[in-house]
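The values are calculated or read from the model by the stated rules, or taken from the named source; none is laboratory data. Keep in mind it's a predicted model, so treat the numbers as computed, not measured. We place every Cβ from the backbone using ideal geometry, glycine too, and count neighbours over all the protein chains shown.
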Amino acid sequence: TAEANAISLYALEWVPFGPSELGWEAYVPLIQHEVGSPCDPTSAGFAEALAAFQARYGLTASGRFDQATFQVLRGLWQERRPFVMARERGECPDPPPVADLAYLTTGEEHAERLTRLLRRDVLEAYRAMAAAARAEVPEIAAEPELLRVFSSFRDPEADAARCARDGNCDGLRRAVCSPHRTGTAVDLYVGHLQGMGVDSTDVHSRRHMSQTPTYRWLVKNAGRFGFVPYVYEPWHWEWVGR
């Protein structure tokens, strides 16, 4: 079983979202966290933890990673995002009142743009999380850009105009009804692969991001501050409260 995972980790041909992918390295930190095992994905310990998870959810307890197991994992992760559940009900949440929004400081933004906003309670939680990460992880403390915000609240009307202009609101690259309209979603700089953008969905880019100390810290600790991940985008986190 461990041997099978060692092969599929790099060679599994599958379609976890839209585009086909090779291997499942990009999802390892979240899977390890969910099944409760820090063990290497090619180890017997990981296979044992994965088998226990599979048994809990009525899957064949093989200990082998496969698409059926991922679909259960993905469902759990998505259910923790209130915005996704609202969309499942056919709802598109309203943006918060302007009075509930607050500006980020220059030092909190990943790029020179002084118009980024978040809901005040979310901004407070973000600041506490970023401070904790820098206190706990030397690599994050050493690189000021890490965990800075490159997208936060987005005005729905401006987003709609951008969708119409760029024609890329396909639900994967960009959503027609975006969680950024709520003021609770943040895109955080977790590192990037040279030559690619900080929000590149290329599988090599996402694989690189998922292995960074910043992302791995977020996977283990963001929940302490009320944030949950969007599995397809290592940089995207949503505040759901503690």
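Mind checking whether some residue in segment 71-87 is surrounded by 12 or more Cβ atoms within 10 Å (Cβ to Cβ), under 29 Å from Ser178 (Cα atoms), touching a Leu at 6+ places or on another chain (Cβ under 6 Å) and aliphatic (A, V, I, L, M)?
No; the residues of segment 71-87 include none that is surrounded by 12 or more Cβ atoms within 10 Å (Cβ to Cβ), under 29 Å from Ser178 (Cα atoms), touching a Leu at 6+ places or on another chain (Cβ under 6 Å) and aliphatic (A, V, I, L, M).
Look at Ala51 and say whether it is farther than 30 Å from Asp159 by Cα, outside the structural domain of Phe227 (by TED's automatic domain parsing) and either outside any loop (DSSP other than H, G, I, E, B) or at pLDDT 95 or above (or both).
Spelling it out, Ala51 is indeed farther than 30 Å from Asp159 by Cα, outside the structural domain of Phe227 (by TED's automatic domain parsing) and either outside any loop (DSSP other than H, G, I, E, B) or at pLDDT 95 or above (or both).
Quick one: what pairs do we get from segment 146-161, first residue among the polar types (S, T, N, Q), second in a loop (DSSP other than H, G, I, E, B), C-beta under 8 Å, 6+ apart or different chains?
Taking only residues 6 or more apart or on different chains, the pairs are Ser151/Arg116; Ser151/Asp199; Ser152/Leu104; Ser152/Arg116; Ser152/Gly183.
It is to be established whether one or more residues within segment 164-174 are touching a His at 6+ places or on another chain (Cβ under 8 Å) and surrounded by fewer than 18 Cβ atoms within 10 Å (Cβ to Cβ).
no
So Thr69 passes all but one of these: (1) in contact (Cβ under 8 Å) with a residue 60 or more places away in the chain; (2) assigned by TED's automatic domain parsing to the domain that holds Tyr27. Which condition number does it fail?
(1)
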